[in-house]
Amino acid sequence: MAEPPILDVKGLSVSFPGPQGVVRAVRNMGFALGREKLGIVGESGSGKSMTGRAILKLTPPSAVVEAERLRFRDIDLLAADERAMRNIRGDRIGMILQDPKYALNPVQTVGRQISEAFRIHRRAGGREARERTLAMLDAVRIRNPARVFDLYPHEVSGGMGQRIMIAMMLIPEPDLLIADEPTSALDVTVRLSVLRILDELVSARGLGLIFISHDLNLVATFCDRVLIMYAGRVVESLPAAELPRATHPYTRGLLESLPRPDRPRPVLPVLTRDPAWLDA
């Protein structure tokens, strides 16, 4: 018997009323996520980050969120109130944000922040939280965890800060992890190291992962499946390994816009958009 999905989304829409009409940030989004790595790719403003925030009910107060179905395990997220969501966020669904400089509290040590995530969701004491934090720092391959435990965010590098964010989100042992551009601020070498760590931890713990990115090459090699978003709508869904053979003109345009060392071109083509894609 097939395992039920960790997350089941159907007909998800996010809109913002404004003086010049309604802005539709997400349009009829739908997917089912199991124990896999799902990439959501698109340009800035395509709705990919808003999709992640809508799942956690972290959209701005002015947002209107609607869906036919938005279920996490056996929980109807649409019907869940704020109290219920506080028990879900971090504990059962974690979210890794883009830049640790803004996501970490600058006036608290990183050890205290990771320990707090464990203590809140596991009702643990200080000694147990410290031991688990040191073990988690070691799991994300931070050398000398005891020293790093007492550092402040400004005292660590960008790559180390991102690993600290991963440790903070994974220490409560969630079922689902949403990673919103977690490596975009890192250089290539550190990015590969962070992705390798994330891949190993997700595989070892059997999590579902939503990996939000604008990097087609990255999701093609890291994820299992890919959703391509344009103007709030999914225009193509396919296995990551088949991304180079995508058929939708928008996906083809994104691929053709990428620079390739093996095929140098004096000018990269400009992506052409068709208004009909919004109604497809």
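Bear in mind that the values in this text are calculations on the coordinates, not laboratory data. Predicted model only: the values in this text are computed from it and were never measured. Heads up, the Cβs are rebuilt from the backbone with ideal geometry, glycines too, and the neighbour counts pull from every protein chain shown.
Once backbone amide H atoms are built at 1.01 Å from N, LEU7 has LEU33, ARG73 as its partners under 5 Å, excluding neighbours fewer than 5 places away on the same chain. The alpha carbons of segment 1-125 give a radius of gyration and a Dmax of 16.5, 53 Å, in that order. Gyration tensor over the Cα atoms of segment 150-280: the corresponding equivalent ellipsoid has semi-axes (square roots of 5 times the eigenvalues, largest first) of 31, 19, 14 Å.
Take the Cβ atoms of HIS214 and ASN28, set R0 to 22 Å, and the FRET efficiency comes out at 0.55. In terms of packing, defined here as the mean over residues of other Cβ atoms within 10 angstrom, the peptides 49-62, 162-175 line up highest first as 162-175, 49-62.
Structural descriptor for segment 99-173: relative contact order 47 percent, calculated from alpha carbon pairs under 8 angstrom and at least 6 residues apart. A protection proxy built from the mean count of other Cβ atoms within 10 Å ranks the segments 21-31, 208-218, most packed first, as 208-218, 21-31.
Amide hydrogen proximity for GLY90: with H placed 1.01 Å from N in the peptide plane, the residues at 5 or more positions away or on another chain lying under 5 Å are MET95. Over the chain, dividing the summed -39,500 (n - 2.57) contributions of all DSSP H runs of at least 4 residues by the number of residues returns a 222 nm mean residue ellipticity of -10000 deg cm²/dmol. Computed over segment 99-173, the P(r) curve from all C-alpha pair distances, binned at 10 Å from the origin, holds 23, 59, 18, 0 percent per bin. Under the convention that each Lys and Arg Cβ holds +1 and each Asp and Glu Cβ holds -1, the size of the dipole of the chain around its Cα centre is about 380 debye. Distance from the C-alpha centroid of segment 2-41 to that of segment 230-280: 20 Å, rounded to the whole angstrom. Per-peptide packing, taken as the mean over residues of other Cβ atoms within 10 Å, places 123-129, 260-266, 9-15 in the sequence 9-15, 123-129, 260-266 from highest down. Each Cα pair under 8 Å and six or more residues apart adds its separation to the average, and for the chain the resulting relative contact order is 23 percent.
Between SER184 and ASP76, the simple label model (points 7 Å from Cα in the Cβ direction) yields a spacing of 3.5 nm.
Charged neighbours of ARG119, selected by a Cβ distance under 13 Å, balance to +2 (K, R count +1; D, E count -1).
Look at the alpha carbon pairs under 8 Å that are at least 6 residues apart: their mean separation over the length of segment 1-109 gives a relative contact order of 29 percent.
Look at the dipole of the chain built from charges on Cβ: of LEU151, PRO275, LEU258, the Cα furthest out on the positive end belongs to LEU151. For segment 8-83, the set of GluC sites (Glu not before Pro) satisfying both a DSSP loop assignment and a count of at most 12 other C-beta atoms within 10 Å is given as GLU68.
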